[in-house]
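As structure tokens, the structure follows; a few thoughts come after it.
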Amino acid sequence: MIRFAGDSGDGMQVTGSQFTLETALAGNDLSTFPDYPAEIRAPPGTTFGVSAFQIQFGSTDVLTAGDQLDALVAMNPAALVVNLEDLRSDGTLVVDSAAFTERNLTKAGYAANPLTDGSLASYRMLSVDITRLTEEAVKPFDLGTRDAHRCRNMWALGLMLWMFGRDRQATVEWLQRKFAKTPHIAAANTAALNAGHAFGETAELPSNVGTYSVAPAPVAPGLYRAVSGTEAIAWGLIAGMRAAGLERMVFASYPITPASPVLHTLAGLRSHGVLTFQAEDEIAAVCACIGAAYAGVLGVTSSSGPGIALKTEGLGLAIATELPLVVIDSQRAGPSTGMPTKTEQSDLFQAVLGRNADAPLPVIASATSSDCFDVAMEAVRLATRYMTPVMLLTDESLANAAEPWRIPDASALPLFPVQFRTKAEGFHPFLRDPETQARPWAVPGTPGLEHRIGGLERDYETGHISYDPDNHHRMTKARAAKVAGIAHDIPLQTVALGEDRGPLAVVGWGSTYGAIHQGVKVALARGQQASHIHIRYLAPFPRNLGELLRRFDRVLVPELNNGQLVQLLRAAYLIPAEGLNQITGKPFKVSTIAAAIAERQ
Amino acid sequence: MTATLSPSLAPKDFASDQEVRWCPGCGDYAILKAVQKTLADLGVRREKTVFISGIGCSSRFPYYVSTYGFHTIHGRAPAIATGVKLANPNLDVWLVTGDGDGLSIGGNHLLHVLRRNVDLQILLFNNEIYGLTKGQYSPTSRPGTKSPSTPGGSLDNPVSPCAFALGAGARFVARGIDTQQPRLVETLKRAHAHRGASFIEIFQNCVVYNDGVFDDFIEKSVAPEKQIHVQHGQPLRFGAAGRYGLRLVPGRLELEVVTVGENGVSENDLLVHDETNHALASLIAGLRPPQFPMAIGVLFCNPAPSYDALVEEQLQAAGSDRDLNALLRRGRTWSVAG
């Protein structure tokens, strides 16, 4: 596992992404964790401006971005001070010695220069004047100092690609594409990349610094690509739209971290029937989707916790008028602005419970970046089949993290075509399908089905406005029964790892999948007893979930929040589930899960 | 259901089967009649027509029209209507709102739907009061309005709906009066013919909470001298037999009322209404009794491409490439052999 760290303007995310691509192409399984500050360009040299990109890769299946670093690239003292504690005591440390000036050391809080005071003696340290070597490499291209220094990240990438025996070709091609309009910049970056690589090959390195060789991971045969949660959601929505037989998707959104990349990704896919709309605010975004759904297309909106809060009244309207909608919540640390670029799972209560009145809707969550594809398709299926808004929970760490994905064959994907109502005879807008309890999707433009809907309570039998007390009771029950009935149309809960009964179930949801899975694996290898259960369907729960959990003596619920799923499980099944909660804005470490299991043996 | 396809529908064919539940004597009844007559005169198809509203007395409107209708949430109708047009630009969408719904809680959405120029007819019923919540002052109430929430009189300055619309970049801005049915129907037809967002402020009398609030220009005895019905290309004349007119004060960007035939003033001295002139529209939109007449009719009409039409153009230009397999395989891929 390695991490690239530097100033937020040093290009660490790009460096990490390219290393990821080369690693994927080398056939390793991998998992990434980008960690960047909220400031676009924080003051240089400061600890709060440190941006980092971490990747774990290996020849066995990799489900998390890792606990302890094998190698750290620190472009300045601030990056070193923030990240050093995660580096293994005998790990490889690469630093740009030119950045360790007195000024930068002071900003990072160092009293003495750690490169010379012996405090880093246990590490395999490679202190190189990356700045000067980069300047020399790009000299032929006659760049200004500023542009020349911006190539430092490529030099460092070149060195690391050498260290791990990776190819550079994909990065060279990427540079040519990215700087197609400024070929000398592309050439300078390529030169820096090659110079870093050549430095590794030719320089006389300290005897304890060497190269690593990581064999390809054994994976199922097929065609693969690297995919981020963002891309997987975007493509899953398109696949869902196609499976539902819908011609158009209106994706309305308001910019918010970390949800905006879904908007950016879909904005480039107009030819696939996607119409993106940047609304004036979060409320307008959800309302435009409601209007779009009313008019017969797929409506999707996307935001993060604070934005979802603003959409809440609109969701109530979609629930009341029973219109299909997909709502994506890329969770971040909160409340309020909180830590917008850090991950958290703290919107589960908001998703399941956070509306006025009795207003249920289905909630599902993606476990990994590639899982986002399937979950997005499933959200479209549930929304259109049950005429309901569906909340899809993902989070900051999944949205930006990449992993290898075996690309599905589009023609083999499931189909769930929508049946629009066209028959006027016997029609009213709240006539329920006997199987799904869903009302008909009757779209403006259809002759003979002219009708009025709205937020006012409506009569069960006619769909007209009704203030009748018994009717409101009946309609509330009908809306609840419709959503609860979805439990009969989703898979039974399975056990991801371990026995289906025993002393301890470790129950998670969302992006903690990798850490919990590896933690349970570690425990099993140690001869301890534990099972991993991961819940995709959070409302309604799979119909066997209660019975499954009761087969375990203890239920441990790790969550990146202050205890939400644990309370829902206790309330639903009256079981003494206990929480394992971490609210640091960072993913769980495998060791944290493994230790919690060990304590409960 | 064959009536839907019939080419000639009468105004009554645009009435729904729902009992109208506004207070007896409410101005909304007259507006409903005018709209139903407009729809019949235009020969629109019921299935292609959608009425969308927010919350408030005016927003009950869709329940009483036999087309498609959506009574949504407070202030958000412009956003929902935008979504409808993005989904299906061929639908003919009318938006019904009020002074509180459109300019208080929904002011932001009204601003953006106007500047985007989404192809809608936007009817803002202005009664200068909150009716449905029982009589609080509204953002168009005049200063000093006494209401349950302002027993000492309201303090804040009102917003002028037409000035707001012009400021937001609306390309069609008009005014009408609930009780002047023939004129209102003509204005509604103009709004319908306009491609893009058409904004119409309709003065609507609330008999229960604000009765007679517009009497300073609507009451019969003052109406001729306190209303000016503007028409493109015609001199700005009003009063009995067109006795008065509006002209620019020489050397100033300011209007004054003059009497035609007095002090050497002839019709040639009067301003001629040019509905494509934004500056003139802003001037006449700002006129207020008692010093000036209230301007009624089409104040501004200067079409520009609608947002939904531009969106469709971009979609057309992007072409149709529905190859999902190609999309998923775009960029770097690698094969793992079995």
Looking across segment A:110-164 at residues that are among the small types (Gly, Ala, Ser) and part of a loop (DSSP other than H, G, I, E, B), the single one that is farthest from A:Ala191 (Cα to Cα) is A:Ala111
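Can you tell me which residues in segment A:172-192 are more than 22 Å from A:Glu136 (Cβ to Cβ) and outside any helix (DSSP H, G or I)?
The answer is A:Ala180, A:Lys181.
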Within segment B:207-242, the residues that are of a type in the set (Gly, Ala, Ser) and assigned to a helix (DSSP H, G or I) are B:Ala223, B:Ala240, B:Ala241, B:Gly242
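For every residue, the table says whether it meets (1) part of a loop (DSSP other than H, G, I, E, B); (2) away from every other protein chain (no Cβ under 14 Å); (3) over 39 Å from the mean Cα position of the chain (by Cα); (4) within 30 Å of B:Arg60 (Cβ to Cβ).
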residue: A:Thr462; (1), (2), (3), (4): yes, no, yes, yes
residue: A:Asp470; (1), (2), (3), (4): no, yes, yes, yes
residue: A:Lys477; (1), (2), (3), (4): no, yes, no, yes
residue: A:Ala481; (1), (2), (3), (4): no, yes, no, yes
residue: A:Ala484; (1), (2), (3), (4): no, yes, no, no
Given (1) surrounded by fewer than 18 Cβ atoms within 10 Å (Cβ to Cβ); (2) free of Cβ contacts under 8 Å to residues at least 60 places away in the same chain; (3) within 14 Å of chain A (Cβ to nearest Cβ); (4) hydrophobic (A, V, I, L, M, F, W, C), B:Val265 misses just (3)
Out of (1) at pLDDT 95 or above; (2) not in a strand (DSSP E or B), the one B:Gly245 does not meet is (2)
How many residues of segment A:64-109 are outside any strand (DSSP E or B) and within 29 Å of the chain's Cα centre (by Cα)? The answer is 16
Going through segment A:432-481 in order, the residues found to be among the acidic types (Asp, Glu), surrounded by fewer than 19 Cβ atoms within 10 Å (Cβ to Cβ) and in contact with a strand residue (DSSP E or B) (Cβ under 8 Å, 6 or more places away or on another chain) are A:Glu457, A:Asp459
**Message:** One residue is enough: does segment B:158-181 have a residue meeting the conditions under 24 Å from B:Pro78 (Cα atoms), modelled with pLDDT of 95 or more and hydroxyl-bearing (Ser, Thr, Tyr)?
**Reply:** yes
Going through segment A:9-55 in order, the residues found to be over 17 Å from the mean Cα position of the chain (by Cα), within 23 Å of A:Gly222 (Cα to Cα), part of a helix (DSSP H, G or I) and not aliphatic (A, V, I, L, M) are A:Gln18, A:Phe19, A:Glu22, A:Thr23
Filtering segment B:58-89 down to residues that are at the interface with another protein chain (Cβ under 7 Å from one of its Cβ atoms) and assigned to a loop (DSSP other than H, G, I, E, B) yields B:Ser66, B:Thr67, B:Thr72, B:Ile73, B:Arg76, B:Asn88
Somewhere in segment B:27-45, is a residue in a helix (DSSP H, G or I), aromatic (Phe, Trp, Tyr) and surrounded by fewer than 24 Cβ atoms within 10 Å (Cβ to Cβ)?
yes
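Residue by residue through segment B:34-57, note down the ones that are among the charged types (D, E, K, R) and within 14 Å of chain A (Cβ to nearest Cβ).
Within segment B:34-57, the subset among the charged types (D, E, K, R) is B:37, B:41, B:45-48.
B:Arg45, B:Arg46, B:Glu47, B:Lys48, listed by residue number.
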Requiring at least 2 residues that are surrounded by fewer than 24 Cβ atoms within 10 Å (Cβ to Cβ) and hydroxyl-bearing (Ser, Thr, Tyr), the helices (runs of 4 or more DSSP H) wholly within segment A:214-329 are A:260-267, A:305-321
Note: among A:Val262, A:Val250, A:Val219, just one is more than 7 Å from chain B (Cβ to nearest Cβ) and either touching a residue at least 60 places away in the same chain (Cβ under 8 Å) or not basic (Lys, Arg) (or both), namely A:Val262
Going through segment A:508-531 in order, the residues found to be touching a helix residue (DSSP H, G or I) at 6+ places or on another chain (Cβ under 7 Å) and closer than 19 Å to A:Asp395 by Cβ are A:Gly508, A:Trp509, A:Ser511, A:Ala515, A:Ile516, A:Gln518, A:Gly519
Could we say that A:Arg332 is surrounded by 24 or more Cβ atoms within 10 Å (Cβ to Cβ) and in contact with a helix residue (DSSP H, G or I) (Cβ under 8 Å, 6 or more places away or on another chain) here? yes
For B:Gly297, the lone unmet condition from (1) more than 7 Å from chain A (Cβ to nearest Cβ); (2) more than 29 Å from the chain's Cα centre (by Cα); (3) on the phi > 0 side of the Ramachandran plot is (2)
In segment B:304-338, anything assigned to a helix (DSSP H, G or I), surrounded by 12 or more Cβ atoms within 10 Å (Cβ to Cβ) and either more than 7 Å from every other protein chain (Cβ to nearest Cβ) or modelled with pLDDT under 90 (or both) is listed as B:Tyr307, B:Asp308, B:Ala309, B:Leu310, B:Glu312
Just one listed residue, out of B:Tyr130, B:Tyr137, is crowded, with 24+ Cβ neighbours inside 10 Å, in contact with a helix residue (DSSP H, G or I) (Cβ under 7 Å, 6 or more places away or on another chain) and among the hydroxyl-bearing types (Ser, Thr, Tyr), and it is B:Tyr130
The number of residues in segment B:158-200 that are surrounded by fewer than 20 Cβ atoms within 10 Å (Cβ to Cβ) and in contact with a Pro (Cβ under 7 Å, 6 or more places away or on another chain) is 3
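Given the criteria more than 22 Å from the chain's Cα centre (by Cα) and among the hydroxyl-bearing types (Ser, Thr, Tyr), does A:Tyr573 qualify? Break it down into steps so the answer makes sense when it comes.
Values: more than 22 Å from the chain's Cα centre (by Cα): yes; among the hydroxyl-bearing types (Ser, Thr, Tyr): yes.
Yes; evaluated as a whole, the condition is true for this residue.
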Original post:
Can we say B:Pro289 is more than 14 Å from chain A (Cβ to nearest Cβ), touching a helix residue (DSSP H, G or I) at 6+ places or on another chain (Cβ under 6 Å) and part of a loop (DSSP other than H, G, I, E, B)?
Top reply: yes
**Asked** Quick check: anything in segment B:9-27 within 8 Å of chain A (Cβ to nearest Cβ), of a type outside the set (Asp, Glu) and at negative phi?
**Response** yes
When (1) touching a strand residue (DSSP E or B) at 6+ places or on another chain (Cβ under 8 Å); (2) closer than 23 Å to B:Leu32 by Cα are applied to B:Val113, the one that fails is (2)
Within segment B:83-116, the residues that are crowded, with 24+ Cβ neighbours inside 10 Å and under 15 Å from B:Gly169 (Cβ atoms) are B:His109, B:Leu110, B:Val113, B:Leu114
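Just to confirm my filter: which helices (runs of 4 or more DSSP H) fall fully inside segment A:492-601 and include at least 3 residues that are under 22 Å from A:Thr64 (Cβ atoms)? Full working, then the answer.
On the way: elements: A:513-525, A:545-549, A:565-573, A:590-599.
Helices (runs of 4 or more DSSP H) meeting the threshold: A:513-525, A:590-599.
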Just one listed residue, out of A:Ser531, A:Ser511, is of a type in the set (S, T, N, Q), in contact with a Gly (Cβ under 7 Å, 6 or more places away or on another chain) and closer than 19 Å to A:Ala594 by Cα, and it is A:Ser531
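The values are calculated or read from the model by the stated rules, or taken from the named source; none is laboratory data. These figures come from a predicted structure and were not determined experimentally. So basically every Cβ, Gly included, is an ideal-geometry build from the backbone, and we count neighbours across all protein chains shown.
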